[in-house]
Each structure stands twice: as structure tokens, then as C-alpha cells.
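Down below is the structure, laid out as C-alpha cells.
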Amino acid sequence: MLLGHILPTNRGGGFGLGFRGGDGMAEANETIRARGKRAPRRSTAHGDDASSSASCMDSNDALRQLVEAGSDWVWETDAELRFSWLSQNYQAATGIDPANVLGRFRFDFLNQVLNGDRSGAAHLEDLQAHRPFRDFVYELKGGSADCRWVLTSGFPKFDDEGRFAGYRGIGRNVTALAGAFKGPGQEPSADGEPDQHLADLERTMDAMHMGVVLLDARLDTLIVNKAYRDLSRIPDGAVGVGAPFSLLMELNRRSGIYGDIDERQWQRYLATRLEEIRAGSVAPREFVHANGRTMMFSVTALSGGKRLLTYYEVTEIKQRDAEIKSANAKIAETFASLRTMVDQMPIGVLVLDADMRTEIINRAFYDFWQIDARRAEIGCSFRDLMDASRDIDPFGADDASWQRHIAEREAEIRAGIAAARQFPRNDGRTLISSMAPLAGGKRLISYVDVTDMKNREAELADALEKARLAEAVINAVKDPIFVKDDHLRFVFVNEAFAARSFENVGAWILGRNMFGPIRGEWPDDSWKGWWGDNPPYHVPVFVLTHHKREPIMMEGGTTFHFVTDGIHSALEQAKAAAGGKDVRVGGGVATIRQCLQEKLIDEMHLAIAPVLLGSGENLFAGLDMLKLGYICSEQVATPLATHVTIKRA
């Protein structure tokens with residue numbers, strides 16, 4: 001290997017490497033296939049055992065060991081080629097503090113380019129073209145004495161949309177090897193070649209998106225790239241090679257970048273800037289233009305007193321940062337308001353993360369379980385909370401039962417299957433807990449103190465039991481009993497009162513449908529009603545029908561007479577049989593409607609119960625009860641029905 005004299009490009013080579021964040025070798029290889037060319041595959045030393053070797057390389061541990069064996073440190077850059085990550089062994093290998101490298105450009109190799117080293121120019125072209133590179137050697141500035149020459153290889157990173165995201169690679173200290181060879185770039189190239197290299201370097205930097213100014217030891221310009229001219233609004237050709245850097249600053253002043261500044265202030269500011277550039281490297285810092293645009297400015301000291309100045313605009317980044325900061329402030333404010341609201345809720349609220357550690361605990365939760373908030377702060381485990389409330393938990397008396405209870409509770413919460421249930425406490429109070437799964441494996445658990453409600457339920461159950469007992473006692477009384485409110489409306493009647501409609505009844509009138517389901521001619525005398533051998537009437541009953549049938553005498557004094565000549569005939573026969581007592585029309589609907597239409601009913605008792613029948617006959621359809629001379633004279637509500645009395649006025 002000739003250090004520092006690699007071929008002008010490494011386009012034929014490929015370097016695959018995966019590390020950080022779970023990246024694997026496959027990802028790196030795919031990147032190189034997509035963006036560069038893969039080197040020809042070499043045969044393995046084990047012949048057909050290549051698949052076994054490949055499987056070994058799939059192991060992250062094996063890959064990490066391979067990287068560590070082949071390098072002294074690992075690095076990453078962002079899309080602007082600023083170092084964004086260095087492995088922990090970087091400082092030990094180079095003697096340079098990573099804080100002096102992260103966020104900065106490392107163009108130590110530019111001195112090689114200026115001295116005619118073709119490999120440095122080729123490497124710069126590879127960086128600008130986002131190509132993989134391999135085994136590039138350059139002289140490291142500012143490192144330890146035993147780390148002067150380093151070798152680096154890297155490959156480009158691309159995001160999911162194919163945009164360049166930076167480089168990722170490895171570095172090695174090859175100073176010991178370099179001692180056996182002539183240092184790169186120590187002899188001048190052929191006549192005229194240094195100027196050509198400088199021109200190539202200038203064209204390469206013109207293609208870069210960051211502003212670059214290269215100054216010689218007198219702080220005169222060697223290169224002013226296009227990005228810098230655009231950022232500073234300097235026309236092409238306004239500044240040539242050899243112009244002092246103070247001229248660039250003067251042009252910037254005229255374009256208004258520095259704002260309104262008088263001559264004395266300007267001279268003082270100009271002298272300060274030139275002095276710090278001469279002094280050496282300047283860490284990246286922000287510079288705000290008068291028009292509000294923000295630039296990041298840095299100085300890198302090169303050999304021979306040269307200085308590399310870099311500028312890149314971060315206005316949009318700053319704006320996004322401000323927007324993010326504002327959004328975070330609003331989120332924090334909203335969260336604080338939400339936290340205050342949750343703390344004021346009478347419901348205990350607990351939010352656990354996927355690891356069963358607390359994210360939210362409101363005031364009511366602490367109060368319900370009598371937990372000192374200092375003993376169980378946000379971030380503690382669910383087990384810590386349970387241990388803090390053990391004294392009032394019924395399972396807390398026995399260690400074995402307690403540990404089993406905690407394990408079961410944790411298991412059901414992790415599984416997301418904890419249904420709402422009651423949790424009694426040793427102090428006699430009762431809580432109801434419910435759980436809702438949240439995104440990311442989180443769990444929301446709520447607790448409600450239902451002690452007072454359960455006490456009221458017990459009191460209500462006791463009152464209802466007493467009411468049922470009182471009702472049973474009153475219903476056992478043979479005499480009718482009723483209760484009226486302040487407006488003289490019935491609020492309670494006993495069974496004797498409800499049964500008064502059967503008193504003083506000397507005869508009944510029923511329709512054919514009320515007597516039985518048979519239609520048309522009577523097939524035989526087998527049907528004797530719905531009520532068995534002893535119907536509840538115990539007096540003569542006159543059944544309306546179109547088909548003759550002989551009277552049927554039943555047990556208990558009931559005799560069914562079948563009337564074929566209409567409702568008026570039935571009523572006259574019933575009155576005669578009643579012997580001065582009332583005649584009761586027992587239905588059905590058609591029979592009652594006939595009686596109402598003919599104004600034959602003096603008083604009607606309706607028992608209305610909330611029973612859903614689905615279909616049937618409408619009792620009052622088409623009847624104008626007021627015109628027929630009827631009024632509602634009484635209504636009584638009982639536990640099973642509402643009793644309404646309708647009379648003829």
C-alpha cells in the first residue's frame with residue numbers, strides 16, 4: 001500500500017458496514033448496490049462453506065467484532081459532511097477530544113490537494129458525488145504524536161426517499177506504517193500541476209451547498225465558492241483570487257448583511273474578525289444577518305497558515321427549532337392543564353407505561369389508597385404502589401398471599417384483560433377499578449370510591465324489603481284498604497280493594513271468544529271454557545254466540561247460558577238472573593264495544609298493565625266516549641297495574 005497515493009477514484013470499490021441502531025450488514029450492502037458498485041466477490045477459503053460464513057456475518061456480535069478488529073474507531077457524518085457521531089474509542093486512538101470534532105468539517109486533507117496530491121482531489125470528488133471510498137490516507141492535524149496519518153473508508157447513507165443523509169465509516173491509525181514510506185504530498189508534482197489541482201479543487205467546492213472560503217497565510221483568498229457568493233449576494237467575478245478577506249467583508253457590509261453600523265464600529269468589528277481568523281481554528285457559531293437569516297460559521301486552520309472558512313445557512317432549521325420549541329411549550333402547557341384537571345377529578349387515575357412504571361398518578365389515587373406521594377413518585381413501579389398501600393389491602397396480612405396477589409394483578413394488567421371489579425379495603429370502604437389499554441403498551445387504570453353508593457343501595461334494599469313486608473300484611477287484610485295523596489289521588493290499594501269488582505255481582509256477560517277458541521258450529525259439548533271444572537264466576541254467565549247450545553252447569557255455582565239473539569236479550573236475561581245485583585260484562589273487546597256503543601254500561605273498571613302483546617283489538621277505536629256520555633271518575637296505581645274507573649255521567 002502506497003500511503004497517500006491511492007488511485008484518483010475508488011469508484012470500482014465498495015465498502016459495506018452496518019452499525020448503530022440495529023443496522024445490519026444487509027442494509028449497508030443494499031446501500032452500495034443502489035448507489036455504487038460492489039467489488040467482485042472473492043472466493044472463500046472454505047469452498048462450499050460460504051453459506052456458513054454468511055450466516056455468521058448475520059450476527060451483530062460477529063459484525064461488531066469484525067469492525068473493531070479492522071478499525072480503531074467508527075464515525076458518521078450528516079448530509080453536510082459534518083461529523084455527527086464518533087465511537088467511544090476515538091479520543092484514545094487520535095488524542096483529539098470529540099467535542100472539537102462533532103458538528104464540524106474535517107478538511108485536513110486539503111493541504112495534500114494544494115500540494116498536488118491526486119488522491120486528495122479524487123477523495124473530494126467522491127465526497128461531492130456521494131460515492132463510497134476506501135483506504136484514503138491523510139495527515140491528521142491536532143492529534144497525538146503517534147497518530148499523524150490515518151486511513152479511512154466509508155459509504156454513503158440514504159433515507160427512505162433516496163436522499164443523501166451523510167457518510168458512515170471506519171478509521172485507522174497508520175502512522176507506524178507511514179514511517180516506512182515517504183509521506184504523501186511531500187514532493188511537488190510536475191510543472192503547472194499544483195495550479196491545475198487548485199482549479200480542480202475550486203470547481204469541486206463550487207458544487208458544494210455550503211459556503212467555502214480558502215485563505216492563504218496573508219488572509220488573501222485562494223478560493224471563494226459559488227455557495228458563499230450566493231449566501232453573501234456577491235456577483236460572480238466581483239472577487240478574484242488574491243483579494244483580501246477584508247474586501248469580502250466590505251462587500252458584505254455594502255449589501256446590508258451587518259445592518260446599520262458606523263465607520264468606527266465597522267473598523268473595530270473588522271479587526272476583531274481578522275484577528276480571530278489569524279489566531280487559528282474557530283468552533284462553529286451562529287451569525288445572524290441583518291435581514292434575519294442565520295448562518296453557521298467556522299474556521300479550520302490548515303498547514304502553512306492557510307485558513308478554511310465554512311458557512312451554511314440554518315435559518316429554516318432555527319425556525320423549525322423555534323416552532324418545535326413553541327409546540328413543546330404548548331404541549332407542556334396543555335399537559336400541565338390536563339394534569340391539574342386530572343388532579344381535581346374525584347376518580348383515581350393511574351397511567352402505566354409498557355414496563356409497568358407510573359407516568360401519571362393523580363391526587364385522588366393517592367387519597368384512595370392512603371399513599372404518601374413522597375413514597376411513590378412518578379416513575380415508580382406498579383409493585384411499589386401496591387407495597388405502599390399494603391396496610392389497607394385485605395391481601396396484605398400474609399406475605400405469601402400478598403406476593404401472589406401482586407403477581408396476579410400485574411399479569412392481568414400486562415395482558416390487558418383486567419375487567420371492572422370491586423376492591424374492598426380494610427377500613428370498610430370499597431373501590432371499583434377498571435382498566436383501558438393505551439397505545440405503546442400503556443395502561444390507564446381508574447378507581448372510583450363506591451362506598452357511599454353501596455351504603456345507599458343497602459338502605460334502599462332494606463326499605464324495599466320493609467315495604468314488601470308491609471304490603472303483604474295489608475294485602476292479608478280482608479277489608480279493602482286504600483291510600484290517597486294530598487290531591488286525593490289513590491297511591492295504594494290492597495288486594496281486597498282491587499277484588500271489590502267481584503262483589504255484588506249477580507250475573508256475567510261474555511263474548512264467544514272470551515269463552516273459548518272454537519269458531520262456527522259447536523262440534524260437541526267437550527269444551528267448557530278456559531277455567532276447568534270450577535270457573536271463578538260462581539253465578540250465571542250468558543255467552544253471546546250465533547250457534548245454539550244447551551246450558552252447562554259447572555262446580556261452584558257457575559252456569560254457562562248461550563244467547564243467540566243479541567246483546568240486549570243477553571242483558572235482559574242477566575238482569576233477571578242477578579236478582580237486583582250488578583251485571584258484569586267480562587269481554588272480550590267486541591262485546592264491550594257493543595255495550596259502550598249502545599250506552600248499556602253504567603261503570604267500567606279497566607286494569608292496565610305494561611304487557612307487550614304485539615297485536616290485538618283496540619277497545620276505544622272509533623268510539624267518542626265523551627259524546628257517548630262517559631267520564632273517567634277514578635284511577636288507582638298498584639305495584640302490578642293501574643286501575644281506571646269509567647262511568648256514565
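Values computed for the structure shown
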quantity	calculated
GluC sites (Glu not before Pro) lying in DSSP loop within region 594-649, provided at most 15 other Cβ fall within 10 Å	Glu598, Glu617
Over region 490-648 - Rg/Rh using Cα atoms and the Kirkwood inverse-distance radius	0.96
For peptides 539-549, 438-448, sequence by mean Cβ density within 10 Å, most packed first	539-549, 438-448
Three principal axis lengths of region 208-313 [C-alpha, angstrom, descending]	36, 29, 25
Taking region 217-271 and dividing mean pair separation by its residue count, relative contact order in percent (alpha carbons under 8 Å, at least six apart)	34 percent
Part-to-part distance (alpha-carbon centres) for region 502-535 and region 398-453, which is given in Å	63 Å
Eligible lysines near Lys226 by straight Cα distance, threshold 21 Å, same-chain separation 8 or greater	Lys306
Cα radius of gyration and Dmax for region 345-449 (Å)	12.7, 36
Relative packing of 514-521, 209-216, which averages over residues the other C-beta atoms within 10 Å, highest first	209-216, 514-521
Relative contact order [Cα under 8 Å, 6+ residues apart], region 208-313, whole percent	30 percent
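Just so you know, all these numbers are worked out from the coordinates, no wet-lab data involved. Since the structure is predicted, the reported quantities are computational estimates derived from the model, not experimental observations. Ideal geometry is used to build each Cβ from the backbone, glycine not excepted, and the neighbour counts take in all protein chains shown.
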